[in-house]
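Heads up: the structure comes next, in structure tokens.
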Amino acid sequence: MLAIDCLGHKFTDIQAIIFDKDGTLEDSGDYLRNLAQKRARLIDAQIPGVGEPLLMAFGVTDKGLDPAGLQAVGSQYENEIAAAAYIAETGRGWSEALEIVRGAFDEVDRVMESTPNAMFPGCQAAIESLASTGLKLGIVSAATTSQVVKFAHYHKLQPYFQVLLGSDLQFAKPDPRLFQFACQELGVNPAQTLMVGDSTWDMSMAKKGGAAGCIGISWGRFSQSIPLSNVTIEHLSQLQISQ
């Protein structure tokens, strides 16, 4: 069994680590903010007046993208439902509201279809180092499974990750069953698995799922600790392996 030392916190008998994708491995903040802005703008063109409230709901501010906001941590389905609720408040029926949102989201997705974003500095080396110890690794994301797979293929991460899951399955973040399902797919006990993520949803999912520990990661974007995490780090090199 391996131990993980992390800024004075030691997690023992660890067999696996599960990572979030956006904001944890992938530096996708600018892309997600741009995505939310284009979605809000296109919907506002059809339903004037809802653009600004939508941006607030998505977690887009003058300072950037809220790492705990809906666009950063929510699934596409959850973003669709939130946007449709604002449209429904204008008197549109629910079916019409959903149709408007999904049409706008699909249009923006076509326009913004692109390669995955770069990983944060040092991610590749840290992942290779962790995998070389025999740890099993997985990714569990609020993005779709196909987006997670595309990210892994683009960055040639397939040799290091045994599980790649999105929130388009039966369970979505922060449902602890998603974390438990990932552990099942890895063939490990949740109590011997760490979660690394950049949001409270990641921590809540893992903690309720019986994880050995929850490690938040900020990449220097914010100074406070992530709620529910056992420890918050700034980069993956702060994960140290010991026997």
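The values are calculated or read from the model by the stated rules, or taken from the named source; none is laboratory data. Values in this document were obtained by computation on a predicted structure and should not be read as measured data. Positions of Cβ are generated from backbone atoms using ideal geometry, with glycine treated the same way; all protein chains shown enter the neighbour counts.
A few notes on this one:
- Single residue of segment 47-82 satisfying the filter (within 16 Å of residue 202 (Cα to Cα) and of a type in the set (Gly, Ala, Ser)) that is modelled with the lowest pLDDT: 68
Each row is one residue, and each column tells you yes or no for (1) free of Cβ contacts under 8 Å to residues at least 24 places away in the same chain; (2) out of contact with any Leu (no Cβ under 9 Å at 6 or more places or on another chain).
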position: 98; (1), (2): yes, yes
position: 116; (1), (2): no, yes
position: 127; (1), (2): no, no
position: 130; (1), (2): no, no
position: 140; (1), (2): no, no
position: 161; (1), (2): no, no
position: 167; (1), (2): no, no
position: 178; (1), (2): no, no
position: 193; (1), (2): no, no
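- Residue check, residue 241 at pLDDT below 95, assigned to a loop (DSSP other than H, G, I, E, B) and under 24 Å from residue 3 (Cβ atoms): no
- When residue 69 is tested against the conditions (1) in the same structural domain as residue 175 (by TED's automatic domain parsing); (2) surrounded by 15 or more Cβ atoms within 10 Å (Cβ to Cβ), the lone failure is (1).
- Residue, farthest from the chain's Cα centre (by Cα), within segment 213-238, restricted to residues that are buried (at least 22 other Cβ atoms within 10 Å of the Cβ) and aliphatic (A, V, I, L, M): 236
- Taken over segment 13-26, the criterion of being of a type outside the set (Gly, Ala, Ser) and either in contact with an Asp or Glu (Cβ under 6 Å, 6 or more places away or on another chain) or free of Cβ contacts under 8 Å to residues at least 40 places away in the same chain (or both) is satisfied by 20, 24.
- Condition met for residue 215 (of a type in the set (A, V, I, L, M), in a strand (DSSP E or B) and more than 23 Å from residue 177 (Cβ to Cβ)): no
- Condition check for residue 18: modelled with pLDDT of 95 or more and either of a type in the set (A, V, I, L, M, F, W, C) or not assigned by TED's automatic domain parsing to the domain that holds residue 186 (or both): yes
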